[in-house]
Every structure is written in C-alpha cells, then in structure tokens.
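Heads up, the thing below is written out as structure tokens.
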Amino acid sequence: MRVFIQIFVAAVTLISAIGCDSFRSLTGAKKTAQGSPYEVLVVCDGREWESPLGEELRTVLGTPVEMLNQVEPMFDIVRITARDFKHLLPSYRNILKVLCSPEVKETAILAQYDVVASPQIVLTFQGPSTAAMVEYLRQNGESLLQVLEIAERNRTIEYARKQGAKALEKIVREEFDIELPISNGYLFRAESDDFVWASNEYPVASQGFFIYTHPFKGKESITTEALVKARNDFAKRIPGPSDGSYMTTVKRIPNIEDDGYIDFLPQRKVVKIDGREWIELRGFWEVERDFMGGPFVSYTTFDEREGELLTIDCYVYSPKYGKRNFLRPLEHLVYGVKFLKDND
C-alpha cells in the first residue's frame with residue numbers, strides 16, 4: 001500500500017499532517033534507516049541537477065541555520081541518480097526524489113513514511129517543467145524545510161522516549177513537575193530549589209541545558225532584557241574551566257564595518273507548541289574570566305500552576321566542528337515537555 005501526503009502551503013497543515021503520529025510502518029517491520037542527522041539524499045538526474053531547478057534545491061536546503069557562530073546549512077545534501085538509488089540507498093532516513101515530466105499535471109511535494117526503513121521520510125517533488133518546479137520551491141521552500149525538520153525532531157523525541165536518561169528525567173520531574181524525555185548521554189551536573197543543570201560531554205564538544213524557574217511580575221518580566229538578566233543570574237551557577245569563571249550571555253559583538261563593537265541582544269520570537277506559547281531567544285554565550293563560548297537557544301513559558309516563568313536553556317560548545325547537529329537535538333527538548341498538573 002502506497003500512502004502519500006501532499007505538502008500544503010499552510011504551515012499549520014504541515015504540522016498536523018506530519019506530526020509524531022505520522023511515523024508509521026506501511027507494511028510492518030522495517031530495517032533501521034541509514035544516513036546522518038540533517039542529511040538529505042536527493043535523487044535527481046544530471047540534467048535537472050545542473051539546471052535552475054537543481055540550483056534552487058541547493059539554495060533551499062542550504063539555507064543557513066540562524067544564529068550560529070559559523071555558517072552551516074539547514075541540511076547537508078547527498079546527490080545520487082535514480083539508477084544508482086534503486087540499487088544502493090533506498091533505506092536512507094531523509095530522501096527527496098525529483099520527478100520532472102510533462103506527464104505530471106500538478107506541481108507538488110508528496111510525503112511517504114517508513115517505506116523500506118524506519119524512521120524514514122521519502123518526499124517526491126514532481127512537476128511538469130523545471131520552471132514550474134523552481135517557482136514552487138520559491139513559494140514553498142520554507143515549508144519543505146519545516147517538513148524535514150519535523151521528521152528529525154520526531155526521531156529525537158521518539159529515541160528519548162525509548163532510550164531515555166531515566167534518572168535525570170526523574171530529577172526534572174520532581175523539581176519542576178514536568179515530563180521531559182531526555183536522551184541517554186546527558187548527565188546530571190547540579191541542582192537547587194529552582195535550577196537543574198545537565199550536560200552531554202564529548203572529547204571535542206559539549207551539549208548542555210539548564211532548567212530554571214523565576215517569578216512572573218507582569219510584562220516587565222518577559223522583555224528580552226529581563227529574560228537575559230534572569231538567564232545570567234542562573235548561568236553564573238555553571239562554572240567555567242578556571243577558578244572564578246562562569247557562563248554569561250554575550251552582550252557586545254564585533255562590528256563588521258569597523259574594528260569596534262556594537263550592543264547585541266538575542267534574537268526573539270514567540271512559538272506555539274502544543275497550544276502553549278514559549279518565548280524563544282537565540283544568541284551567544286561566553287565564559288566570564290576565560291575564553292569559551294558558543295550559541296544558545298532558550299524557551300520560556302508562563303507556568304500557570306505556580307504563577308512563575310519556566311525556562312529551558314540549551315547551549316553548545318564545539319570550537320573545532322559544526323554546531324548544528326549538537327544544538328538541534330537540544331532545541332527538540334521543549335517539544336517533549338508535558339506539564340503534569342495540566343491534566344488534573
């Protein structure tokens with residue numbers, strides 16, 4: 001049985017169409033999907049790949065990840081011809097098949113899940129001409145990225161639910177009364193009445209997050225400046241590598257137009273996740289009295305149960321290698337949050 005879901009322009013339709021429940025097996029047990037996170041296998045023959053269509057695909061998938069210390073694409077591309085794909089790589093985790101034919105009546109992107117492997121998404125991008133397909137991408141490129149991002153996010157959450165850091169999840173649950181699926185590898189570092197810190201340490205990098213609560217005193221509590229101040233108050237509890245050093249938020253960045261510096265505030269937007277609004281901040285952290293730093297993203301919401309703000313703050317340190325694949329799984333944490341007393 002072949003099941004297709006058309007990708008619509010409206011983002012809300014996308015989210016509902018390919019949420020967690022969309023990762024399902026079509027015919028039963030599947031082999032484990034291959035490929036690296038945020039890697040897309042593009043099945044496209046040479047003529048289309050060297051045309052404006054291929055150029056637009058590379059532009060869309062190569063959209064830079066926002067607010068990193070270095071330029072990294074949203075997705076890495078592995079391109080292969082249709083002939084080679086059939087024999088070698090049908091079990092890739094993210095597949096984008098390009099079909100350009102005058103026999104195709106409608107330009108669209110269709111989605112299949114768990115076709116020959118699991119978890120897997122197979123997108124078929126079809127159209128009657130390269131011109132029509134280029135125009136479609138220009139109108140819907142962001143939606144294509146969102147579809148692929150949701151697929152990666154669902155994998156992270158599902159893995160955490162199956163292979164979770166149960167002891168750490170218990171600490172978070174007891175401290176904040178929330179369920180939070182956390183993947184194995186993260187270890188408990190510190191705790192206080194309103195603060196929990198955990199990290200996953202690698203030889204060449206570090207992923208970390210800290211959760212904290214603080215009073216809500218009206219709108220003045222949720223300005224960007226107030227949220228940064230609260231972040232710094234709690235980040236001081238995360239020690240740096242030398243005596244007396246600690247994490248803080250970057251407040252000045254180099255001015256590319258001269259040799260000076262300019263004031264900097266994290267990028268802010270409001271996102272809605274499972275009906276709850278979160279304030280997302282993206283910026284950079286550094287270590288006071290030492291030389292370390294990297295990107296961070298934090299999510300803050302009003303916890304009506306306690307009348308206070310709850311923040312999940314995620315950071316990455318990776319001076320030699322890319323930061324995208326370390327930061328993205330941390331961003332996914334907030335999508336697994338469940339406020340326990342919400343169902344009382």
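Below are the figures for this structure:
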{"read-out": "Candidates ILE171, ILE178, ILE182, ILE222 - the one that is over 26 Å from LYS320 (Cα atoms), open to solvent by less than 80 Å² (accessible area, probe 1.4 Å), β-branched (Val, Ile, Thr) and touching a helix residue (DSSP H, G or I) at 6+ places or on another chain (Cβ under 8 Å)", "value": "ILE178"}
{"read-out": "Any chance LEU96 is touching a Phe, Trp or Tyr at 6+ places or on another chain (Cβ under 8 Å) and not charged (D, E, K, R)", "value": "yes"}
{"read-out": "Search result, residues across segment 293-344 that are aliphatic (A, V, I, L, M) and either more than 12 Å from the chain's Cα centre (by Cα) or open to solvent by 20 Å² or more (accessible area, probe 1.4 Å) (or both)", "value": "LEU309, LEU310, ILE312, VAL316, VAL337, LEU340"}
{"read-out": "Residue that is nearest to the chain's Cα centre (by Cα), among those in segment 31-54 that are farther than 14 Å from PHE125 by Cβ and polar (S, T, N, Q)", "value": "SER36"}
{"read-out": "Residue count, segment 55-96 (criterion: touching a helix residue (DSSP H, G or I) at 6+ places or on another chain (Cβ under 9 Å), part of a strand (DSSP E or B) and under 21 Å from GLN126 (Cβ atoms))", "value": "7"}
{"read-out": "Restricting segment 99-126 to residues that are open to solvent by 30 Å² or more (accessible area, probe 1.4 Å), in contact with a Phe, Trp or Tyr (Cβ under 8 Å, 6 or more places away or on another chain) and part of a strand (DSSP E or B), the residue that is nearest to LEU148 (Cα to Cα)", "value": "LEU110"}
{"read-out": "Residue ID - least open to solvent (accessible area, probe 1.4 Å), chosen from residues in segment 28-45 that are farther than 21 Å from TYR136 by Cβ and not in a loop (DSSP other than H, G, I, E, B)", "value": "GLU39"}
{"read-out": "Scan of segment 298-344 for residues that are of a type outside the set (S, T, N, Q) and part of a loop (DSSP other than H, G, I, E, B), ordered by number", "value": "GLU304, ARG305, GLU306, GLY307, PRO319, LYS320, TYR321, GLY322, LYS323, VAL337, ASP344"}
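For (1) in a helix (DSSP H, G or I); (2) more than 16 Å from TYR299 (Cα to Cα), each residue gets a yes or a no:
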residue: TYR136; (1), (2): yes, yes
residue: ILE150; (1), (2): yes, yes
residue: THR156; (1), (2): yes, yes
residue: TYR159; (1), (2): yes, yes
residue: PHE188; (1), (2): no, yes
residue: TRP197; (1), (2): no, no
residue: PHE210; (1), (2): no, no
residue: GLU220; (1), (2): yes, yes
residue: ALA230; (1), (2): yes, no
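The values are calculated or read from the model by the stated rules, or taken from the named source; none is laboratory data. Not measured: the values here are computed from a predicted model. Neighbour counts run over all protein chains shown; Cβ positions are idealised from the backbone, glycine included. The accessibility values were calculated without ligands, DNA or RNA, using every heavy atom of the protein model including side chains. Shrake-Rupley method; radii C 1.70, N 1.55, O 1.52, S 1.80 Å.
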